[in-house]
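The values are calculated or read from the model by the stated rules, or taken from the named source; none is laboratory data. None of the values given here were measured: they were computed from a predicted structure. Neighbour counts run over all protein chains shown; Cβ positions are idealised from the backbone, glycine included.
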Amino acid sequence: MKHLLFHTTRSAARIVSTLLLGLSALVGGNAIAIDEYFNKPGPGGMGGFLVPTDPTYIKECKGCHFLYSPGMLPGASWTRMMVRPDKHFGEDLRLAAGTRDAVTRYLVDNAADKSPYLGSEIFMDRVNPNNPPWRIQNVPRIRTSHRVMDEMIAINTRVRVRNFVNCDACHQAAAKGDYSLEELNVPLIGIGNYKLKGSSGKSIAD
């Protein structure tokens, strides 16, 4: 048990270190200051990402997966994704033409390359406009900041989070558009979570 706890603590430390380094690399500054780009202090704050409000998008998408903000991908990516709704990552969306057009229009109009939110601004950095990411998990900034977690998933079947599809599995305020470190709570290997700040002093195996 001591060995498992040590391994888990060390893995958690690697995750946090990678997140901080990744944040620092985003705009070449202090990681804690850069974290404010992803923090949404209130309804009027421009940190983080737009919270989806379109009723058609919510109705058609929320029942199957986490409701991603349109500001997590550029418009070209959303357009590409919605052109073939019958091949939606192994699923057939079976959307009526009018519904598909309405959802596509909402996503494109609020995409990362148009969004005023700071999280979208960061996500657009390093995106090749001639080769936009096919999915959110392929956004360069996500790949960088989740690198260690990706390694853990690949080598350890006991890690609770098995993919990056449902953001709120770790980002506790993702539904509010807040992806700050303060709201990060990473489920690890079955003996507790690793929470950064605001955790009442608890961390591993709490």
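Couple of notes before you dig in:
- Residue within segment 160-178 that is among the aromatic types (F, W, Y) and at pLDDT 75 or above present: yes
- Enumeration of residues in segment 83-110 that are more than 17 Å from P55 (Cα to Cα) and aliphatic (A, V, I, L, M): V83
- Test: residue in segment 126-133 that is touching a residue at least 60 places away in the same chain (Cβ under 8 Å) and crowded, with 19+ Cβ neighbours inside 10 Å: yes
- Here Y117 fits the description: out of contact with any strand residue (DSSP E or B) (no Cβ under 6 Å at 6 or more places or on another chain), touching a residue at least 60 places away in the same chain (Cβ under 8 Å), of a type in the set (F, W, Y) and surrounded by 14 or more Cβ atoms within 10 Å (Cβ to Cβ).
- Top-ranked residue of segment 70-114 - restricted to ones that are small (G, A, S) and touching a Ser or Thr at 6+ places or on another chain (Cβ under 8 Å), ranked as farthest from T144 (Cα to Cα): A102
- Of all residues in segment 131-159, those satisfying the criterion of being part of a loop (DSSP other than H, G, I, E, B), modelled with pLDDT under 90 and not charged (D, E, K, R) are W134, H146, N156, T157, V159.
- Members of segment 37-86 that are in contact with a Gly (Cβ under 7 Å, 6 or more places away or on another chain), polar (S, T, N, Q) and modelled with pLDDT under 95: N39
- Scanning segment 36-56 for residues that are in a helix (DSSP H, G or I) and over 23 Å from C170 (Cβ atoms) turns up P55, T56.
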